[in-house]
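The values are calculated or read from the model by the stated rules, or taken from the named source; none is laboratory data. Being a predicted model, the structure only gives us computed values, none of them experimental. Reconstructed Cβ throughout: ideal geometry from the backbone, glycine too, with neighbour counts over all protein chains shown. To get the accessible areas, we keep the full protein, side chains included, count just its heavy atoms, and leave off ligands, DNA and RNA. Shrake-Rupley method; radii C 1.70, N 1.55, O 1.52, S 1.80 Å.
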Amino acid sequence: MKRMKNEPAARNALYAQSGGVSAVINASACGVIEAAAKARRRIGRIYAGRDGIVGALTEDLIDVSRESPATLRALRYTPAGAFGSARFKLRSIEQNRAEYQRLIEVFRAHDIGYFFYNGGNDSMDTALKISQLGAAMNYPITCVGVPKTVDNDLPHTDCCPGFGSVAKYIAISTLEGAMDVASMARTSTKVFVLEVMGRHAGWIAAAGGLAGRKAGEPPHIILFPEIPFEQARFLERVKQCVTNYGYCVIVVSEGTRYADGRFLAEAGTRDAFGHTQLGGVGPVVANMVREALGYKYHWAVADYLQRAARHVASKVDVEQAYAVGKAAVQYALAGMNAVMPAIKRRSSRPYRWQIVPVPLAEVANVEKRVPREFVTADGFGITAACRRYLEPLIAGEDYPPYRGGLPAYVRIRGVAVKRKLKTEFKL
Ligand code: F6P
């Protein structure tokens, strides 16, 4: 390709997925890759870290251009992390210079000039630190964060790609599960508990509330991490619901805690970021009900099913996921460093949004939790304001194509880029 006079030489781009994956993170990958492919004068080859930043550190890079155009297009409707994701936190440059030096070495060896990091709060922190590499270690790199988290807890963005689809899955599952219980409650199950993810933020639990519109419609109780759990009050409400409606549907967030901060359920392990691994609160709550009230119950832990459920993804979510990927490349090409494309709501009805840049420094490590005005005064439900916020995010369907009765998802070939460094990096 002939270069114009004074035109900077094209440099390569590295894309990496980070943290918990989602139904639409690959739609963001698709947005990044398609936008980068259109910028051939500025972006040479497109690489992806195999298993995220771990691939960058170990020089295990995937040559994205070796994937077929059909595979790359299909990323838009394929769930989970096509290139592999990782929970791996880079410490500060002062604490672990070796990791940063290694990254620079790998970047330099492969002439990486653009780094796109697709993740949540912790990952935005990592992205920020890498963007500071340029200054600290004299290596020019443009680094842009691409937001993703089903927890919906990044600040300065209307929502986080990945959330809308989980919200839709949980709202639908609550509705369907509740219909099942209602139909047999007279002689059988009286209580159904659905445990959802979300860590310290109750956004996903709140989405369960979309299933019921009128007073008395399920879910009857939502347990939020933001509202301290009071066992006696909770059991009293369960009893009331069974007495009044014949059954009780409960959506419980994995991060629900007692007033003293203890989680109702902890798996006893921590991840690389020091987060307590949550999960298992559903059976804990169901057991409380059985012991105190003796009702027959069922419980379900939505777990990975909720964040992998691409078959019922929200159309808005898919569109936003793609849009932030595409915008990330446009920002990088415009010379914007250490920013994240965020979603700005222009109106709720109809839902209008646009993409705007926010500095990574403002989003890194900040958790946006469900505000009190989104939770009803009794602490067990969502308000009209919360419904107004959530509803547009689950709007529309974007079904994947099906083959043989199953979604026709793709797997990448994952051809490795030839290694250039002699040294191995031990994680
Ligand atoms: O942060 C996203 C999330 O799905 C949380 O809601 C959940 O607690 C966590 O990831 C689970 O992480 P992992 O898959 O690493 O156990």
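Provide the solvent-accessible area of LYS168, counting protein heavy atoms only and rolling a 1.4 Å probe, rounded to the nearest 10 Å².
20 Å²
Which Cα, out of SER183, LEU278, ILE170, lies furthest along the positive dipole direction of the range 163-309 (beta carbon charges, K/R +1, D/E -1)?
Checking the options against the dipole of the range 163-309, the answer is SER183.
For the range 72-140, which whole-number percentage of the solvent-accessible area (1.4 Å probe, protein heavy atoms only) is attributable to carbon and sulfur atoms?
Here it works out to 47 percent.
For GLU94 and ARG186, what does the FRET efficiency come to when R0 = 45 Å and r is the distance between their Cβ atoms, rounded to the nearest 0.05?
That pair, GLU94 with ARG186, gives E of 0.10.
Out of the chymotrypsin sites (Phe, Trp or Tyr not before Pro) in the range 339-420, which ones are loop residues according to DSSP with at most 16 other C-beta atoms within 10 Å?
TYR351
In square angstrom, what is the accessible area per residue of the range 7-97 with a 1.4 angstrom probe?
In whole numbers, the range 7-97 has 34 Å² accessible per residue.
Dipole size in debye (nearest 20) for the range 210-262 around its Cα centre, Lys and Arg Cβ +1, Asp and Glu Cβ -1?
That gives a dipole near 160 debye.
Evaluate E = 1/(1 + (r/R0)^6) for LYS214 and GLU397, where r is the Cβ-Cβ distance and R0 equals 35 Å; express this FRET efficiency to the nearest 0.05.
Step by step, r from the Cβ atoms, then E = 0.90.
With all protein chains present and a 1.4 Å probe, how do HIS200, HIS311 order by accessible area, largest first?
Of HIS200, HIS311, the descending order of accessible area is HIS311, HIS200.
Provide, in order from the shortest bin, the percent of all Cα-Cα pairs of the chain in each 10 Å bin, continuing until the bin that contains the maximum pair distance.
For the chain, the binned pair fractions read 5, 22, 29, 23, 13, 6, 2, 0, 0 percent.
Quick one: how many lysine pairs in the range 286-402 have C-alpha atoms under 20 angstrom apart, if they're 8 or more apart or on different chains?
4
Pull out a ≥ b ≥ c, the square roots of the eigenvalues of the alpha-carbon gyration tensor of the range 165-244, then state rounded if a/c is under 1.5, prolate if not and a/b is larger than b/c, and oblate in the remaining case.
Verdict is oblate for the range 165-244.
Kindly provide the GluC sites (Glu not before Pro) of the range 50-144 that DSSP labels as loop, not H, G, I, E or B, and whose Cβ sees at most 13 other Cβ atoms within 10 Å.
Sites meeting the loop and neighbour criteria: GLU94.
Suppose each label sits 7 Å from its Cα in the direction of the beta carbon; what would the GLU367-ALA232 distance come out to in nanometres?
2.8 nm
Order GLU176, GLU7, most accessible first, counting only protein heavy atoms with a 1.4 angstrom probe.
Most to least solvent-accessible, the answer reads GLU176, GLU7.
Using a 1.4 angstrom probe on heavy atoms only, work out the carbon and sulfur share of the accessible area of the range 180-303 in %.
Within the range 180-303, the accessible surface is 48 percent carbon and sulfur.
What's the FRET efficiency of GLU176 with LYS422 using the Cβ-Cβ distance as r and R₀ = 60 Å, to the nearest 0.05?
0.60
Is any helix in the chain, taking whole DSSP H runs, at least 27 angstrom long along its axis by alpha carbon and on average at least 0.0 on the Kyte-Doolittle scale, and which ones?
Correct list, ordered by number: 163-184, 315-333.
Can you sort THR187, THR142 by 1.4 Å-probe accessible area, starting with the largest?
So, going from the largest accessible area down, we get THR187, THR142.
Kindly report, to the nearest 10 Å², the accessible surface of CYS241 as traced by a 1.4 Å probe over protein heavy atoms only.
10 Å²
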